[in-house]
Each structure stands twice: as C-alpha cells, then as structure tokens.
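Structure first, then comments.
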Amino acid sequence: MQKLKKIGKYLLPVSVKKTLKYIYYSAQDLIETITGKRDTSYPPKRLNFVGSSEFKKVGDEFAELFKNKGNLKPEYHILDIGCGIGRMAIPLTKYISEKGSLNGFDIDKRGVKWCQENITPKHPNFQFQYVDIFNKYYNKKGQIQAENFTFPYQNEKFDFIFATSVFTHMLPLQVEQYLKEISRVLKPNGKVFLTFFSIDKTAEENIKNGSAYCTLKYQYGSDPCFYSHKNVPEAEIGFREEWIKKTFAKNNLDKNLTILRGKWSGESHWTSYQDIVIANKNS
Ligand SMILES: C[S@@+](CC[C@H](N)C(=O)[O-])C[C@H]1O[C@@H](n2cnc3c(N)ncnc32)[C@H](O)[C@@H]1O
C-alpha cells in the first residue's frame with residue numbers, strides 16, 4: 001500500500017497534480033457551500049496549497065506541539081515563516097493573548113491575502129505580509145532570491161520563531177540565509193521550532209531500501225541536500241543531519257538543540273510526519 005501511494009505521489013508531473021487537486025477540491029467546496037457545511041473560519045479547500053487535506057487536524061496538532069514541546073506562551077511575539085494560508089495561525093488565534101502577536105510572511109500571494117482578509121480583521125495582533133521571492137514550486141515568477149532576502153523585522157523582535165514544512169522546499173544557501181536572519185530577529189534565549197527532512201543514518205538506509213516515505217534520491221550538486229522530483233527540487237528537499245546541526249551552531253542557534261523524529265523516514269518512534277528541530281538562541 002505504501003509503495004502504491006509512493007508511485008502515485010511521484011508518477012504525475014507536479015503541475016498536473018496541482019491542477020487535478022484544484023478541480024477535485026473546487027467540487028468539494030461547492031457541495032459544502034450548497035449544503036451549508038462550510039466552516040468559514042478556514043480557507044476553502046481549493047485554496048489549500050500547503051499539503052495535507054487534513055488542514056485543521058495538522059494545525060491543531062502543531063499548536064499543541066508548540067505549547068508542549070516548544071513551551072510557547074500566550075504573551076510571546078511569534079514569527080511564522082512561510083505562513084501559507086494560516087494553517088498554524090488559525091488555531092493560535094485561540095491561544096495568543098492581546099499582549100502577544102504573530103507576524104507571518106509567505107511567497108504565495110493568495111495565501112497571504114486570505115490571512116489578511118480573514119484573520120487580521122478579527123485579530124489585529126496577527127499580521128501577514130507577502131514577499132515576492134522566487135521558488136520553482138511555489139512562486140515561479142518571483143523577483144527576489146531567498147539567499148539574499150533580509151526579513152522585514154527589527155533585530156531581536158521575536159520570542160518564538162517557527163517554520164513548518166518550509167525548509168523542506170528550500171535549497172541550502174537559502175536555508176543558510178534564513179537561519180542567519182532567524183538568529184538576527186530572535187531574542188537571546190528565544191526559541192526556534194523548524195521542521196526538516198533531516199537525513200541521519202537510519203533515514204539514509206531507509207531511503208536506500210525504499211522504506212522511507214520520501215524518495216529523496218537526487219543529490220543537489222555536491223551539497224548535503226537531496227530531493228525527490230527531478231525537475232522541481234523545491235517540491236521535496238531533505239538535508240544531512242550533520243549539516244543542519246552545523247548550520248544551527250554557526251548561527252548561535254544550538255542551545256538545547258533537540259530533534260524530534262518524523263514518520264517520513266520510516267522511524268518506528270515519531271512525533272509528527274516531518275522531523276522537528278527545536279533549539280534556543282545562545283544568550
Ligand atoms: C507546505 S507549505 C507550508 C505552509 C505553512 N507553513 C503550513 O504549515 O501550513 C510551504 C510554504 O512555504 C512557502 N515558502 C516557500 N519558499 C519560501 C520562502 N523562501 N520564504 C517564505 N516562504 C516560503 C510556500 O509559499 C508555502 O506556503
């Protein structure tokens with residue numbers, strides 16, 4: 001069954017899969033609207049470009065992980081990198097107090113627009129910004145290169161920074177730049193909560209023997225980076241774990257560094273689908 005799923009995932013070109021999904025979910029939206037079943041505090045299904053169809057479940061799961069594993073507090077100032085269409089922000093509106101805040105940015109215009117129009121008016125301390133960064137999978141016409149991007153926030157503004165399923169779509173120099181920027185805008189001792197496909201020894205073996213959920217079979221030049229879709233590396237990217245640890249340390253982000261294993265690699269004990277790297281900025 002797992003093999004069949006994997007064939008489906010990798011057989012069709014990325015653009016065809018995106019179109020088929022759009023048609024399928026547009027029909028579901030229409031049915032839910034007609035039958036009065038649509039929950040308008042969530043985006044319509046056809047606009048969901050962020051992966052799993054279990055949008056609410058994944059958002060709720062991560063809101064709990066932020067609290068229980070990341071020690072997120074209601075009064076914290078949060079940065080949501082690659083906020084998508086508010087999957088993480090929506091559940092956090094019920095937890096973050098008026099003293100706290102959430103800033104999100106993303107390179108997908110529709111996602112940011114939906115958040116600005118549907119979250120900010122009810123929760124003015126939740127703000128979202130579009131940035132026109134190039135990504136072959138998410139924003140093919142983007143004008144800014146992620147490896148040169150400076151986050152639009154002052155130094156040491158945030159207590160807690162998260163990026164869920166974002167560094168699984170970015171190339172090595174881009175991730176390096178983002179970790180540098182994260183370190184700049186995070187308060188001393190502040191917390192990062194970032195998901196990766198982190199390739200350790202077990203993951204490497206399981207990728208080779210085909211029991212991992214991601215194929216990650218192409219190496220990106222001589223980099224510590226592997227990807228699954230030949231023509232669109234940004235569709236699914238993993239990094240060698242020692243490179244992740246080294247790059248966190250280089251950016252002063254390795255205090256209390258912990259990796260919670262993900263299911264993707266075929267691990268028997270896991271916390272979520274992707275690996276979660278949690279650490280504090282050295283003070
Ligand atoms: C799988 S989605 C996850 C979205 C959101 N974090 C969530 O968990 O629902 C990946 C997101 O990363 C965003 N993204 C890709 N490259 C980015 C970059 N350089 N800067 C910010 N966001 C980026 C995409 O636009 C997309 O919204």
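The values are calculated or read from the model by the stated rules, or taken from the named source; none is laboratory data. Because the structure is a prediction, the values reported are computed rather than measured. Heads up, the Cβs are rebuilt from the backbone with ideal geometry, glycines too, and the neighbour counts pull from every protein chain shown. For the accessible areas, the whole protein counts, side chains as well, though only heavy atoms, and no ligand, DNA or RNA atoms are used. Shrake-Rupley method; radii C 1.70, N 1.55, O 1.52, S 1.80 Å.
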message: Please go through (1) within 22 Å of P44 (Cα to Cα); (2) touching a helix residue (DSSP H, G or I) at 6+ places or on another chain (Cβ under 8 Å); (3) without any contact (Cβ under 8 Å) to a residue 60 or more places away in the chain; (4) among the hydroxyl-bearing types (S, T, Y) for T150 and return the number of the only condition it doesn't satisfy.
response: (1)
query: With region 4-116 as the region, which helices (runs of 4 or more DSSP H) entirely inside it contain at least 1 residues that are open to solvent by 20 Å² or more (accessible area, probe 1.4 Å)?
result: 14-34, 55-68
- prompt: Name the residues in region 259-283 that are hydroxyl-bearing (S, T, Y) and open to solvent by less than 40 Å² (accessible area, probe 1.4 Å), would you?
  reply: S265, S272
- prompt: Does region 84-93 include one or more residues that are within 28 Å of V185 (Cβ to Cβ), within 15 Å of the ligand (Cβ to nearest atom), among the basic types (K, R) and modelled with pLDDT of 85 or more?
  reply: yes
field: From the options S228, S183, residue that is within 23 Å of K250 (Cβ to Cβ) and among the small types (G, A, S)
entry: S183
- request: Return yes or no: is A249 more than 18 Å from the chain's Cα centre (by Cα), among the small types (G, A, S) and open to solvent by 20 Å² or more (accessible area, probe 1.4 Å)?
  value: yes
- prompt: Any residue at all in region 219-242 that is surrounded by fewer than 18 Cβ atoms within 10 Å (Cβ to Cβ), in contact with a Gly (Cβ under 9 Å, 6 or more places away or on another chain) and not acidic (D, E)?
  reply: no
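Every residue, every condition in (1) under 26 Å from E205 (Cα atoms); (2) free of Cβ contacts under 8 Å to residues at least 12 places away in the same chain, yes or no:
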{"residue": "I259", "(1), (2)": "yes, no"}
{"residue": "K263", "(1), (2)": "yes, no"}
{"residue": "G266", "(1), (2)": "yes, no"}
{"residue": "H269", "(1), (2)": "yes, yes"}
{"residue": "S272", "(1), (2)": "yes, no"}
{"residue": "S283", "(1), (2)": "no, no"}
field: Candidates K180, K191, filtered to the one that is more than 16 Å from the ligand (Cβ to nearest atom) and open to solvent by 20 Å² or more (accessible area, probe 1.4 Å)
entry: K191
task: For residues that are assigned to a strand (DSSP E or B) and open to solvent by less than 10 Å² (accessible area, probe 1.4 Å), scanning just region 117-133, find the one that is farthest from the ligand (Cβ to nearest atom).
output: F126
